[in-house]
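A.B. asks: Before I ask anything, here is the structure I am working with.
The values are calculated or read from the model by the stated rules, or taken from the named source; none is laboratory data. This one's a predicted model, so the numbers in the text were calculated from it and none came from an experiment. Glycine also receives a Cβ, built like all others from the backbone with ideal geometry; neighbour counts cover every protein chain displayed. We work out accessible area using only protein heavy atoms, side chains counted, and drop any ligands, DNA or RNA first. Shrake-Rupley method; radii C 1.70, N 1.55, O 1.52, S 1.80 Å.
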Amino acid sequence: MSHRDSVTAPPEGFEATGSTAASPVAVMEDRRRRLFGIQCHPEVVHTPFGTDILKNFLFGACDCSPTWTVVSIIEDAVAAIREQVGDHKVICGLSGGVDSSTAALLVHRAVGENLTCIFVDHGLLRMNEAEQVIDAFTNHFHVPLVHVEAQERFLSKLEGVTDPEQKRKIIGEEFIRTFEEEARRLENTRFLVQGTLYSDVIESGTRDAARIKSHHNVGGLPVDMDLELVEPLRNIFKDEVRNVAAELGLPDNMVWRQPFPGPGLAIRIIGEVTGERLEILRRADFILQEEVRRAGLYRELWQSFCVLPAIRSVGVMGDSRTYAYPIIIRAVTSEDAMTADWARLPYELLETVSNRIINEVPGVNRVALDISSKPPSTIEWE
Ligand code: XMP
C-alpha cells in the first residue's frame, strides 16, 4: 500500500475506533469475531504505545501468554546445546562483543569445561577491552580461555598498508589463520560456537547478504575447518541477547557495549596503522568514552568514537609551534546502522572532551566534530 492509500469506510461488521487526518479508519475492530486492524507501525520504536498495542493484541485478543521470558530462553538454549553437543568438545571465538560473549556463556552453562574459548587479541581493540574480556571469562566465569597475543603479528602485516579494504582483508584473513592455528592445538574438537542472531538469519535470506557479510564479518567462520556449528542465539534478537547476557551475569559494560567493528581501530586510523598512531587514538578514544558515560549518554548513542586522520596541522603550545594530528569525534544515533544521524552532543561535553584530549594526549593539538549523517556519509570513516 502506498502511503496515500487509506481505508475510507469500515467493512461490514467493523467499527472504526481510531482515525487520523489522513486515515478516517486508522483502527477498526469487529469485537464479535475478534478481528482487529490498524494502519500504523506499532513495532517501530518511535510509535507511542506501540508495544502496548502489540501486547493488547497478543495477550488480550489472541489469549497468548508471555512464556517467552529470559529464563525460559536460557533454559531452552541450554537444553538444546546439551542435546546437540553431548560429551564432545566445543570451541568459541570471543571478540569482546555481547553476542559472542553471551553465546559462550550459554554453552559454558550447558557443557562446562568441554568448552574452550579462544580470544585472538589483534591489538586493534580499545583501551582496556582485552583485559575486560579476560577478567570476566577467566576470573569471574572460570571459562577455559586461550588468550592469543597476536598484536605484533597483525601490526607487521599492516605495515605500509593504507587502503581500507586492504586493511579489512588482511585483518580478516589473519584473524582466521590465527584462530585456526590455536583451534588445531585443541584436540578432539567437534563443534564451533557462533553468535549468529535471528537478524543475521533473516539477512542471509536477502540478495545482498553475501556482500554485507564479507564486508562486516571479520572474525567469522573459519572456512576449511571441519566443525559443526552451535548457534544458541539463532532465534533471538539483539535486545533479547542483552537481557540474556545480563541474566547470566555478564558485566554491564559488556552487556551494553556499543557495536564495534571487527577490524577495530584499524579502520578508524586513516592511512597507516602503527603502534604509535594506535596509542594516540586509543588514548583519545578512552577520554571520549569516559566523558560520554559520565554525561549519561552512552546507551543513547548507537556509536561514539574517535577517528585519527592522516593529516597534521599547526598549533601553539607555550612559546612553541606544534605540528600534530587532529582527532575527530564521531557520534551517531541509529536504530540499525543502515541510516544514522549525527548526535547533538552537549557543548559542555564537547568542551571537556576537547580540552582533555588536547591536554592529555601527546601528538594531538586539535579536535574536530563530524556532523554528517548516513547517508550520504557512513558511520565509520573507512
Ligand atoms: P558504516 O561505516 O558502513 O557502518 O556506516 C555500519 C556499521 O557497521 C560497522 N562496520 C563494521 N563492522 N566489520 C565489522 O564488523 C567491518 O569491517 C565494519 N565496517 C563497518 C560500523 O561500526 C557500523 O556499526
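A.B. asks: Once you have the Cα-Cα distance between Lys169 and Asn188, take 0.36 nm times their residue separation minus that, and quote the gain in nm to one decimal.
C.D. replies: 3.8 nm
A.B. asks: Where is the GNM fluctuation largest for the chain (alpha-carbon springs, 10 angstrom cutoff): Cys92, Cys40, Cys306?
C.D. replies: Looking only at Cys92, Cys40, Cys306, the largest GNM fluctuation is found for Cys40.
A.B. asks: Oh, and also: Which angle between 0 and 90 degrees, to the nearest 10, do you get for helix 164-185 versus the longest principal axis of the chain when only C-alpha atoms count?
C.D. replies: Taking the Cα atoms of the chain, the angle to 164-185 is about 90 degrees.
A.B. asks: Let me ask something else about it. Expressed as a fraction of 2.2 N^0.38 Å, the rule-of-thumb size for a compact globular protein of N residues, what is the C-alpha radius of gyration of the range 70-255?
C.D. replies: For the range 70-255, the normalised Cα radius of gyration is 1.01.
A.B. asks: Let me ask you something else. Considering only DSSP beta bridges with both partners in the chain, what is the antiparallel share in %, to the nearest 5?
C.D. replies: On the way: 20 of 43 bridges.
So the antiparallel bridges amount to about 45 percent of the total.
A.B. asks: Let me ask you something else. Through the Karplus equation 6.51 cos²θ - 1.76 cosθ + 1.60, θ set to phi - 60°, convert the phi angles of the range 365-373 into ³J(HN,Hα) values in whole Hz; use x for Gly and Pro.
C.D. replies: 10, 7, 10, 10, 10, 7, 10, 10, 9
A.B. asks: Shifting gears a bit: Rank Met338, Met317 by accessible area, highest first, at a 1.4 Å probe radius?
C.D. replies: Numbers: Met338 130, Met317 105 Å².
If we order Met338, Met317 from most to least accessible, we get Met338, Met317.
A.B. asks: Here's another thing I want to ask about it. Return the sequence-ordered ³J(HN,Hα) values of the range 11-21 in whole Hz as given by the Karplus equation 6.51 cos²θ - 1.76 cosθ + 1.60 applied to θ = phi - 60°, using x for Gly and Pro.
C.D. replies: Values per residue, Gly and Pro as x: x, 3, x, 9, 10, 6, 10, x, 8, 10, 4 Hz.
A.B. asks: Using only Cα atoms, tell me the angle between helix 70-85 and the longest principal axis of the chain; keep it within 0 to 90° and round to the nearest 10.
C.D. replies: 70 degrees
A.B. asks: With every protein chain left in place, what is the accessible area per residue of the range 220-319 in square angstrom, probe 1.4 Å?
C.D. replies: On the way: 4580 Å² over 100 residues.
Dividing the accessible area of the range 220-319 by its residue count gives 46 Å².
A.B. asks: Quick one: check the C-alpha center-to-center distance for the range 43-64 versus the range 233-308, whole angstrom.
C.D. replies: 32 Å
A.B. asks: Hey, what number do you get for the chain at 222 nm if only DSSP H runs of n ≥ 4 count, each worth -39500 (n - 2.57), divided across all residues, to the nearest 500?
C.D. replies: -10500 deg cm²/dmol
A.B. asks: Just how large is the dipole of the chain about the Cα centre, in debye to the nearest 20, putting +1 at every Lys and Arg Cβ and -1 at every Asp and Glu Cβ? Write out the running numbers ahead of the final one.
C.D. replies: Numbers: 40 positive and 57 negative charges, 132 e Å.
Result for the chain is approximately 640 debye, rounded to the nearest 20.
A.B. asks: Using θ = phi - 60° and the Karplus form 6.51 cos²θ - 1.76 cosθ + 1.60, what ³J(HN,Hα) does each residue of the range 229-240 get, whole Hz, x for Gly and Pro?
C.D. replies: 8, 10, 10, x, 9, 4, 9, 10, 8, 3, 5, 6
A.B. asks: Measure nothing but the geometry: give the 0 to 90° angle between the long axis through the Cα atoms of 98-111 and the longest principal axis through the Cα atoms of the chain, rounded to 10°.
C.D. replies: Approximately 80 degrees, to the nearest 10.
A.B. asks: Next up: Quickly work out the Glu15-to-Phe57 label distance, labels modelled 7 Å from Cα along the C-beta direction, and quote it in nm with one decimal.
C.D. replies: Going by the 7 Å Cα→Cβ label model, 2.1 nm.
A.B. asks: FRET efficiency for Thr47 and Asp226, Cβ-Cβ distance as r, R0 = 41 Å, nearest 0.05?
C.D. replies: Working: r = 47 Å, r/R0 = 1.15.
For R0 = 41 Å, the calculated efficiency reads 0.30.
A.B. asks: Setting aside same-chain residues fewer than 8 positions from Lys55, which lysines have a Cα under 24 Å from its Cα?
C.D. replies: Lys238
A.B. asks: Which whole-number percent gives the relative contact order of the range 2-61, counting Cα pairs below 8 Å spaced six or more residues apart?
C.D. replies: On the way: 71 pairs, mean separation 11.6, N = 60.
After rounding, I find 19 percent.
A.B. asks: Which of rounded, prolate, oblate describes the chain, given a ≥ b ≥ c as roots of the alpha-carbon gyration tensor eigenvalues and a/c under 1.5 marking rounded, otherwise prolate only if a/b is larger than b/c? It would help to have the intermediate numbers written out before the result.
C.D. replies: Working: a/c = 2.21, a/b = 1.27, b/c = 1.74.
The shape class here is oblate.
A.B. asks: While we're looking at this one, here's another question. Return, ordered by residue number, the residues of the range 103-130 whose backbone nitrogen is under 11 Å from a label point located 7 Å along Cα→Cβ of Asn253.
C.D. replies: The answer is 127-130.
A.B. asks: If you roll a 1.4 Å probe over the chain with all protein chains in place, what percent of the accessible area is carbon or sulfur? List each step's numbers first, then the result.
C.D. replies: Values: 10860 of 20920 Å².
That fraction is 52 percent.
A.B. asks: Run the numbers on the chain and let me know its relative contact order in percent, using alpha-carbon pairs under 8 Å that are six or more apart. Could the numbers behind the result be given before it?
C.D. replies: Values: 593 pairs, mean separation 48.0, N = 382.
RCO, the chain: 13 percent.
A.B. asks: Under 5 Å between amide hydrogens, which residues at least 5 positions from Ala343 or on another chain qualify, with H placed 1.01 Å from N in the peptide plane?
C.D. replies: Ala331, Val332, Thr333
A.B. asks: How many Å² of accessible area per residue for the range 2-61, probe 1.4 Å? Present the calculation step by step, with values, prior to reporting the outcome.
C.D. replies: On the way: 4620 Å² over 60 residues.
For the range 2-61, the solvent-accessible area averages 77 Å² per residue.
A.B. asks: Would you calculate the separation in nanometres between label points at Glu276 and His88, each defined as 7 Å from the Cα along the Cα-to-beta-carbon direction?
C.D. replies: In this crude spin-label approximation the distance works out to 5.1 nm.
A.B. asks: Where both residues lie in the range 268-369, what percent of DSSP beta bridges are antiparallel, nearest 5? The partial results should precede the final answer.
C.D. replies: On the way: 12 of 18 bridges.
Bridges in the range 268-369 that DSSP calls antiparallel: roughly 65 percent.
A.B. asks: Also: May I ask for the longest run of the chain untouched by chymotrypsin sites (Phe, Trp or Tyr not before Pro) that are loop-located per DSSP and have at most 13 neighbouring C-beta atoms (other than their own) within 10 Å? Mind showing how you got there, number by number?
C.D. replies: Details: sites that count: Phe49, Trp68, Phe237.
In short, 69-236.
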